[in-house]
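The values are calculated or read from the model by the stated rules, or taken from the named source; none is laboratory data. Predicted model only: the values in this text are computed from it and were never measured. For neighbour counting, all protein chains shown are included, and Cβ atoms are generated from backbone atoms with ideal geometry for every residue, glycine included.
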């Protein structure tokens with residue numbers, strides 16, 4: 001692949017890239033390149049974490065990066081997930097890994113790394129300490145949205161430590177690129193600010209889009225804060241499609257999803273088409289009676305936008321098609337957790353745990 005081809009792939013992932021010129025120089029360097037993402041193992045896993053993450057990682061790997069996925073179990077404990085119970089958090093981490101395997105994410109392309117292994121190394125804590133020394137408490141508090149918290153919340157001392165650990169992860173893992181969601185950009189920017197002061201480097205930030213929840217979005221200007229409020233949430237189960245949802249669950253959730261006629265922006269059903277369905281299928285077919293125009297074959301997302309914007313496709317017909325294609329993508333994962341003994345046990349354990357915020 002040419003440098004431009006590789007850059008194009010990464011730009012398909014990055015809703016925001018800080019900085020694109022630095023990324024191009026990195027690709028031109030010919031060096032082995034490392035990208036990383038991380039996740040708190042907690043609760044059930046929805047399609048933004050499952051399908052969309054697998055799609056994005058696949059593109060970054062194809063662009064020539066070695067990918068490291070940090071299973072942030074200690075971070076989840078610091079953030080009081082499962083009441084800080086590391087055994088339960090570990091089960092959730094194994095469950096997430098099992099979902100990605102069922103999505104086709106191959107471990108030869110992705111190195112899974114547990115934070116509980118990082119913390120055994122004194123060098124890791126040396127980096128955490130230096131990150132903390134380079135920042136004020138106020139500066140760290142301003143990154144609290146990375147934990148799903150607001151700046152106005154009363155944070156525990158452990159939650160103050162969390163952003164220091166997340167910034168340290170980047171340098172300890174030798175990540176040239178941080179490939180996390182837009183909701184994580186504040187701590188990535190912090191890492192860029194202090195990287196060279198700590199005799200490291202300025203990591204390049206490739207922030208991926210956060211898939212909308214299925215509910216009507218809040219009013220207001222398009223900001224990162226609004227995008228965070230709009231994203232699907234485990235605490236609002238009907239706002240998200242989970243990776244082991246039944247076909248009936250998927251149909252029920254999508255049938256009542258916000259999907260205004262002729263509107264493209266802030267339309268979650270259209271987002272599913274753009275970021276997931278047309279990434280996995282070459283075309284989609286819309287089944288409908290002859291009196292409503294007959295069947296449609298749509299060959300690209302841009303074609304869908306044109307048809308939908310003109311009002312030539314009714315929201316319910318679109319929802320029916322989206323239900324079918326999302327179910328086709330989730331079906332192998334659902335069947336894996338029904339038929340694989342280890343996966344089934346992980347799911348049963350996970351669903352028995354009470355999620356804490």
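Entry remark, segment 113-131: residues being in a loop (DSSP other than H, G, I, E, B) and either touching a strand residue (DSSP E or B) at 6+ places or on another chain (Cβ under 7 Å) or surrounded by 12 or more Cβ atoms within 10 Å (Cβ to Cβ) (or both) number 1 in total.
Condition first: over 30 Å from residue 27 (Cβ atoms) and within 21 Å of the chain's Cα centre (by Cα). Can you find one or more residues in segment 124-143 that meet it? Looking through segment 124-143, none of the residues is over 30 Å from residue 27 (Cβ atoms) and within 21 Å of the chain's Cα centre (by Cα).
Of the residues making up segment 274-304, those that are assigned to a helix (DSSP H, G or I), within 24 Å of the chain's Cα centre (by Cα) and over 23 Å from residue 105 (Cα atoms) are 301, 302.
For beta carbons closer than 8 Å, sequence separation of 6+ or different chains, a first residue in segment 103-132 that is at positive phi and a second that is at pLDDT below 95 and surrounded by 12 or more Cβ atoms within 10 Å (Cβ to Cβ), the qualifying pairs are 104/54.
Among the residues of segment 31-47, the ones that are farther than 14 Å from residue 71 by Cβ and at pLDDT 90 or above come to 7 in all. Screening 271, 285 for residues that are touching a residue at least 60 places away in the same chain (Cβ under 8 Å), farther than 21 Å from residue 102 by Cβ and in contact with a strand residue (DSSP E or B) (Cβ under 6 Å, 6 or more places away or on another chain) leaves exactly one candidate, 271.
Evaluate the following for residue 214: is it farther than 26 Å from residue 83 by Cα, buried (at least 19 other Cβ atoms within 10 Å of the Cβ), at pLDDT 90 or above and not assigned by TED's automatic domain parsing to the domain that holds residue 271? Taking the combined requirement at face value, the residue satisfies it.
The helices (runs of 4 or more DSSP H) located wholly in segment 1-74 that include 3 or more residues which are loosely packed, with under 15 Cβ neighbours inside 10 Å occupy 3-13, 20-28. The residues of segment 197-216 that are closer than 13 Å to residue 167 by Cα and in a loop (DSSP other than H, G, I, E, B), listed by number, are 198, 200, 201, 202, 203.
Residue-by-condition table, conditions (1) modelled with pLDDT of 95 or more; (2) over 30 Å from residue 348 (Cβ atoms); (3) buried (at least 17 other Cβ atoms within 10 Å of the Cβ); (4) not assigned by TED's automatic domain parsing to the domain that holds residue 169:
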site	(1), (2), (3), (4)
204	yes, yes, yes, no
229	no, yes, no, yes
240	no, no, yes, yes
276	yes, no, yes, yes
281	yes, yes, no, yes
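Restricting attention to segment 133-158, the residues that are part of a helix (DSSP H, G or I), closer than 22 Å to residue 83 by Cβ and without any contact (Cβ under 8 Å) to a residue 60 or more places away in the chain add up to 3. In the list 313, 329, 296, 346, which residue meets the criterion of being assigned by TED's automatic domain parsing to the domain that holds residue 236 and in contact with a strand residue (DSSP E or B) (Cβ under 6 Å, 6 or more places away or on another chain)? Being assigned by TED's automatic domain parsing to the domain that holds residue 236 and in contact with a strand residue (DSSP E or B) (Cβ under 6 Å, 6 or more places away or on another chain) holds for just one of 313, 329, 296, 346, which is 296.
For segment 287-299, filtering for residues that are surrounded by 13 or more Cβ atoms within 10 Å (Cβ to Cβ) and modelled with pLDDT of 95 or more leaves 1.
When 334, 357 are checked against the criterion of being outside any helix (DSSP H, G or I) and modelled with pLDDT under 95, a single residue qualifies: 357.
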